[in-house]
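Novice: Here it is, the structure, as structure tokens.
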Amino acid sequence: QVMFCTLNTHKVDMEKLLGGQIGLEDFIFAHTKGQRKEVEVFKSEEALGLTITDNGAGYAFIKRIREGSVIDRIPVISVGDMIEAIDGRSLVGARHYEVAKLLKELPRGRSFALQLTEPRKAF
């Protein structure tokens with residue numbers, strides 16, 4: 001099952017996420033679902049250090065991870081991971097700003113469960 005498509009690169013590059021501007025010379029790479037993972041995250045700071053994007057089709061992804069942030073210190077979380085659920089609450093169909101708002105509203109000093117699906121490593 002395809003998670004998202006990138007334009008002109010096989011890499012998981014969220015800056016090249018397919019939006020709708022396709023030229024005749026463009027190549028589209030489909031990224032399929034890889035391993036699912038559940039991560040326990042302790043929210044030690046107000047900001048988790050995540051930038052989130054979505055593909056406009058109901059899937060939210062990690063676009064960027066700020067260096068030295070809470071999320072950056074968790075090696076299993078990567079750019080390109082699809083955010084499926086927070087504490088068991090499904091986020092399929094949510095827009096990126098809704099996911100960001102949910103993460104922001106989680107209480108500091110507590111843990112939460114993040115269900116992610118990583119893109120299959122193609123190369």
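Novice: Give just the number: which of (1) over 27 Å from Pro107 (Cα atoms); (2) free of Cβ contacts under 8 Å to residues at least 60 places away in the same chain; (3) among the β-branched types (Val, Ile, Thr) does Thr51 not satisfy?
Specialist: For Thr51, the failing item is (1).
Novice: Among the residues of the stretch 79-113 satisfying the criterion of being assigned to a strand (DSSP E or B) and touching a helix residue (DSSP H, G or I) at 6+ places or on another chain (Cβ under 9 Å), which is most open to solvent (accessible area, probe 1.4 Å)? Break it down stepwise before answering.
Specialist: Step one: list which residues in the stretch 79-113 are assigned to a strand (DSSP E or B), which gives 82-86, 89-90, 111-113.
Checking which are touching a helix residue (DSSP H, G or I) at 6+ places or on another chain (Cβ under 9 Å) leaves us with 83, 86, 89, 112.
Working: Ile83: 5, Ile86: 12, Arg89: 142, Phe112: 5 Å².
By that ranking, first place goes to Arg89.
Novice: Do the conditions hold for Glu118, that is, is it open to solvent by less than 40 Å² (accessible area, probe 1.4 Å) and under 22 Å from Gly56 (Cβ atoms)?
Specialist: On the way: open to solvent by less than 40 Å² (accessible area, probe 1.4 Å): yes; under 22 Å from Gly56 (Cβ atoms): yes.
Considered against the rule, which asks whether it is open to solvent by less than 40 Å² (accessible area, probe 1.4 Å) and under 22 Å from Gly56 (Cβ atoms), Glu118 comes out as yes.
Novice: Return yes or no: is Gly49 in contact with a helix residue (DSSP H, G or I) (Cβ under 9 Å, 6 or more places away or on another chain), surrounded by 15 or more Cβ atoms within 10 Å (Cβ to Cβ), of a type outside the set (Asp, Glu) and at pLDDT 90 or above?
Specialist: On the way: in contact with a helix residue (DSSP H, G or I) (Cβ under 9 Å, 6 or more places away or on another chain): no; surrounded by 15 or more Cβ atoms within 10 Å (Cβ to Cβ): yes; of a type outside the set (Asp, Glu): yes; at pLDDT 90 or above: yes.
Answer is no for this residue.
Novice: Specify which of the listed residues (Val70, Val99, Val12, Val79) is over 12 Å from the mean Cα position of the chain (by Cα) and in contact (Cβ under 8 Å) with a residue 24 or more places away in the chain. Full working, then the answer.
Specialist: On the way: Val99 fails: over 12 Å from the mean Cα position of the chain (by Cα); Val12 fails: over 12 Å from the mean Cα position of the chain (by Cα); Val79 fails: over 12 Å from the mean Cα position of the chain (by Cα).
Testing whether each residue is over 12 Å from the mean Cα position of the chain (by Cα) and in contact (Cβ under 8 Å) with a residue 24 or more places away in the chain leaves just Val70.
Novice: If I ask for residues that are modelled with pLDDT under 95 and in a loop (DSSP other than H, G, I, E, B), which ones from the stretch 57-72 would you list?
Specialist: Ala57, Gly58, Tyr59
Novice: Kindly provide the set of residues from the stretch 52-66 that are within 14 Å of Glu84 (Cα to Cα) and either out of contact with any Gly (no Cβ under 8 Å at 6 or more places or on another chain) or open to solvent by 20 Å² or more (accessible area, probe 1.4 Å) (or both), ordered by number.
Specialist: Of all residues in the stretch 52-66, those within 14 Å of Glu84 (Cα to Cα) come to 52-55, 57-62.
Within the stretch 52-66, Ile52, Thr53, Asp54, Asn55, Ala57, Tyr59, Ala60 meet the criteria.
Novice: Looking at this structure, is Val76 of a type in the set (Val, Ile, Thr), exposed (fewer than 14 other Cβ atoms within 10 Å of the Cβ) and at pLDDT 90 or above?
Specialist: Judged against the criteria, Val76 is a match.
Novice: Would you check which residues across the stretch 10-26 are modelled with pLDDT of 75 or more and among the β-branched types (Val, Ile, Thr) and list them?
Specialist: Val12
Novice: Out of all the residues in the stretch 1-22, which are in a strand (DSSP E or B) and surrounded by 15 or more Cβ atoms within 10 Å (Cβ to Cβ)? First the steps, then the outcome.
Specialist: Step one: list which residues in the stretch 1-22 are in a strand (DSSP E or B), which gives 2-7, 17.
Correct list: Met3, Phe4, Cys5, Thr6, Leu7, Leu17.
Novice: With the condition kept exactly as written, say whether any residue in the stretch 23-36 is among the β-branched types (Val, Ile, Thr), surrounded by 15 or more Cβ atoms within 10 Å (Cβ to Cβ) and touching a Ser or Thr at 6+ places or on another chain (Cβ under 8 Å).
Specialist: Within the stretch 23-36, none of the residues are among the β-branched types (Val, Ile, Thr), surrounded by 15 or more Cβ atoms within 10 Å (Cβ to Cβ) and touching a Ser or Thr at 6+ places or on another chain (Cβ under 8 Å).
The values are calculated or read from the model by the stated rules, or taken from the named source; none is laboratory data. Remember, it's a predicted structure, so these values are computed and weren't measured experimentally. All Cβ positions, even for glycine, are placed from backbone atoms using ideal geometry, and neighbour counts span all protein chains on display. SASA here: full protein model, heavy atoms, side chains in, ligands and nucleic acids out. Shrake-Rupley method; radii C 1.70, N 1.55, O 1.52, S 1.80 Å.
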